[in-house]
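Right, one structure below, let's go through it.
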Ligand SMILES: Nc1ncnc2c1ncn2[C@@H]1O[C@H](COP(=O)(O)OP(=O)(O)OP(=O)(O)O)[C@@H](O)[C@H]1O
Ligand SMILES: [Mg+2]
């Protein structure tokens, strides 16, 4: 039995929106990963700060999801180190990473469509009636779901609605809410806006920005859309050829500049590879 009362979302802090000066929560040092002869990650270095939203971009197959899987405890690197607040960690499983405050939201498999919103929110952390085994305290779960979704400004028609009846954006918002309901301090989002319309994207963008500013959740977000990333992120990292080749604060660059940088970088890689 557990009292899983969500932490209240505090008032907006005075912390600066960009988090350049805040504490480093996650460091990835020289991480490599190969699949047989295919060397996908060749020495990834990455830093994430408290309350920072970091965008990760790169071509299809660049290795973004591979990195997220390593950070989420789903798989492990061949070499290199992960440090949480300066301490090296070796995750044994996704549950182990979650116990260290790292949660992941995948585009698919996020929710169980046949279950109502409130049961999805408490999946694997159900609240039981005091003294009774296996009897869910649905009343309490409903109440806490309403309160938490209210706190983080997520609107769903009804917490009793089946998740399968919600829009893609609402489902994704519930998945993010579930990941942050407990004490996740780092949230990994693999293409949260894929296949979403403008209104739904707006919902998730607002939710992400709100969680970063009010709860100081740090996030790594994978997205192919630069315009989204510029709205969402404090910083953008570009993954090319198994390395992070560009690390830019979004406020210090523009969409055009970043695109140009990527193209220049790509051309010089081609020249190095083919000597032309
Ligand atoms: N379990 C695996 N076994 C073999 N190869 C894999 C495995 N997982 C990923 N790969 C390969 O590693 C490379 C990187 O894949 P990954 O999914 O990390 O790319 P990505 O950057 O997330 O791409 P996308 O933008 O298309 O999602 C790809 O060539 C992929 O085929
Ligand atoms: Mg991917």
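The table below lists the values:
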| read-out | value |
| --- | --- |
| Members of region 236-256 that are touching a helix residue (DSSP H, G or I) at 6+ places or on another chain (Cβ under 8 Å) and within 16 Å of ligand 1 (Cβ to nearest atom) | 236, 238, 239, 240, 241, 245, 246 |
| Filter result (within 16 Å of ligand 2 (Cβ to nearest atom) and either modelled with pLDDT under 95 or assigned to a loop (DSSP other than H, G, I, E, B) (or both)) within region 71-82 | 72, 74, 75 |
| Some residue of region 83-96 being in a helix (DSSP H, G or I) and under 30 Å from residue 146 (Cβ atoms) | yes |
| Residue match in region 161-178 (condition: within 29 Å of residue 50 (Cα to Cα) and in contact with a strand residue (DSSP E or B) (Cβ under 6 Å, 6 or more places away or on another chain)) | yes |
| Unmet criterion (only one of (1) surrounded by fewer than 17 Cβ atoms within 10 Å (Cβ to Cβ); (2) within 13 Å of ligand 1 (Cβ to nearest atom)) for residue 23 | (2) |
| Only listed residue being modelled with pLDDT of 95 or more and either within 12 Å of ligand 1 (Cβ to nearest atom) or farther than 28 Å from residue 267 by Cβ (or both), chosen from 46, 54, 38 | 38 |
| Pair list, Cβ < 6 Å and 6+ apart or interchain, from region 56-77 residues that are under 21 Å from residue 235 (Cβ atoms) to residues that are in a helix (DSSP H, G or I) and within 9 Å of ligand 2 (Cβ to nearest atom) | 56/64; 58/64 |
| Members of region 52-70 that are near ligand 2 (Cβ under 10 Å from one of its atoms), in contact with a helix residue (DSSP H, G or I) (Cβ under 6 Å, 6 or more places away or on another chain) and either within 13 Å of residue 192 (Cα to Cα) or part of a helix (DSSP H, G or I) (or both) | 56 |
| Some residue of region 123-144 being in contact with a helix residue (DSSP H, G or I) (Cβ under 7 Å, 6 or more places away or on another chain) and under 25 Å from residue 49 (Cβ atoms) | no |
| So residue 184, is it over 20 Å from residue 228 (Cα atoms) and touching a strand residue (DSSP E or B) at 6+ places or on another chain (Cβ under 7 Å) | yes |
| Residue list for region 204-235, filter: within 16 Å of ligand 1 (Cβ to nearest atom), assigned to a helix (DSSP H, G or I) and crowded, with 22+ Cβ neighbours inside 10 Å | 229 |
| Yes/no for residue 21 being more than 15 Å from residue 89 (Cα to Cα), within 16 Å of ligand 2 (Cβ to nearest atom) and either in a helix (DSSP H, G or I) or without any contact (Cβ under 8 Å) to a residue 60 or more places away in the chain (or both) | no |
| Residue 76, sole failed condition from (1) within 16 Å of ligand 1 (Cβ to nearest atom); (2) over 29 Å from residue 230 (Cα atoms); (3) in contact with a strand residue (DSSP E or B) (Cβ under 8 Å, 6 or more places away or on another chain) | (3) |
| Sole residue being crowded, with 23+ Cβ neighbours inside 10 Å and either modelled with pLDDT under 95 or within 10 Å of ligand 1 (Cβ to nearest atom) (or both), chosen from 17, 64 | 64 |
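The values are calculated or read from the model by the stated rules, or taken from the named source; none is laboratory data. Note that the structure is a prediction, hence the values are computed from the model and not measured. Neighbour counts are summed over all protein chains in view; Cβ atoms, including those assigned to glycine, are modelled from backbone coordinates with ideal geometry.
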